[in-house]
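Please read the structure below before turning to the comments.
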Amino acid sequence: MKSLYLLILVIGFTSLYSCKSDEEKAKKIVNEFLRQINDEKIKKGDIDYSLVSNDFKNLFFESYYYTSGSWKLFVKAKSDTSFLVKSTGKTFNGFGQPVENHQEFEVCKIKGELKITNSYNLIEQFLDFQIVDNNWDFFWDIEKSEILKELKEKLVLEVLVLGTKSKYGDFAQGKLKLINNSDFDIKGVKILIEHYDIQGNSVNSSYTYVSDIIRNHGYREFSWINGDCSKCVAQEFKINFVRESY
């Protein structure tokens, strides 16, 4: 009985030490990743991506991100194989004023190795529309990326009335239908309209907006009009998901 008690005690201490050891490893991994991505001398392609999972690497490599000048890390074990590392850093806002930058990282064991698998408030999406969801600001970066991907696949533009010339000036006008087949409500959607002449040359660009909420699995019909279109005979339409300048 005494031997069994000692065995349980040893296993308990070993598990506790192992967990604490992995917590420190998770903290070091996040610290090294932050050090590299915030070092202006290190190019994005030269970052040590062995620190992160493949899915996170793909998202990070194609995205813009929030930088920090300095940070303090706090780690918490979620399980024996999963850890949450919180970073409280310092950065600057658009006015050059110092602000606190709170970011979080999920670190998990993949085939026995600890890697960053997700982040919170690291990736900037630069959305050019609004997702009407009270939980949007609480979604982690990979989840936000998946939602944007879904919207790109499931928002559909239909032309109800082709662009026609107005009798009262150099105006062109038409009617569109925006169908939202996604599971998210959206609003403030911007539509790019490219105008072409009879030879197929681009002669004008304009925007139209759907400011109202388009409910998930719903739609909106709306008209557009544009001036300076004396040579416009055809149009192409594109949903602007991401801002064109940052």
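The values are calculated or read from the model by the stated rules, or taken from the named source; none is laboratory data. This is a predicted model, so every value here is computed, not measured. We place every Cβ from the backbone using ideal geometry, glycine too, and count neighbours over all the protein chains shown.
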Give just the number: which of (1) within 32 Å of the chain's Cα centre (by Cα); (2) of a type in the set (Gly, Ala, Ser); (3) at pLDDT below 95 does Gly12 not satisfy?
(1)
Determine, yes or no, whether Leu178 is in contact with a Gly (Cβ under 7 Å, 6 or more places away or on another chain) and more than 30 Å from Tyr66 (Cα to Cα).
no
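Inside the stretch 181-202, can you point out the residues that are free of Cβ contacts under 8 Å to residues at least 40 places away in the same chain and buried (at least 18 other Cβ atoms within 10 Å of the Cβ)?
Ser182
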Could you list, in sequence order, all residues of the stretch 37-77 that are in a loop (DSSP other than H, G, I, E, B), in contact (Cβ under 8 Å) with a residue 24 or more places away in the chain and either exposed (fewer than 13 other Cβ atoms within 10 Å of the Cβ) or among the aliphatic types (A, V, I, L, M) (or both)?
Gly69
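Looking at the stretch 167-180, which of the residues that are of a type outside the set (D, E, K, R) and either loosely packed, with under 13 Cβ neighbours inside 10 Å or outside the structural domain of Tyr219 (by TED's automatic domain parsing) (or both) is nearest to the chain's Cα centre (by Cα)? Working first, answer last.
So in the stretch 167-180, the residues of a type outside the set (D, E, K, R) come out as 168-169, 171-174, 176, 178-180.
Add one more test, that the residue is either loosely packed, with under 13 Cβ neighbours inside 10 Å or outside the structural domain of Tyr219 (by TED's automatic domain parsing) (or both), and what stays is 168-169.
On the way: Tyr168: 44, Gly169: 42 Å.
It comes out as Gly169.
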I'm told Asp133 meets every condition in (1) in contact with an Asp or Glu (Cβ under 6 Å, 6 or more places away or on another chain); (2) in a loop (DSSP other than H, G, I, E, B) except one. Can you identify the failing condition by its number?
(1)
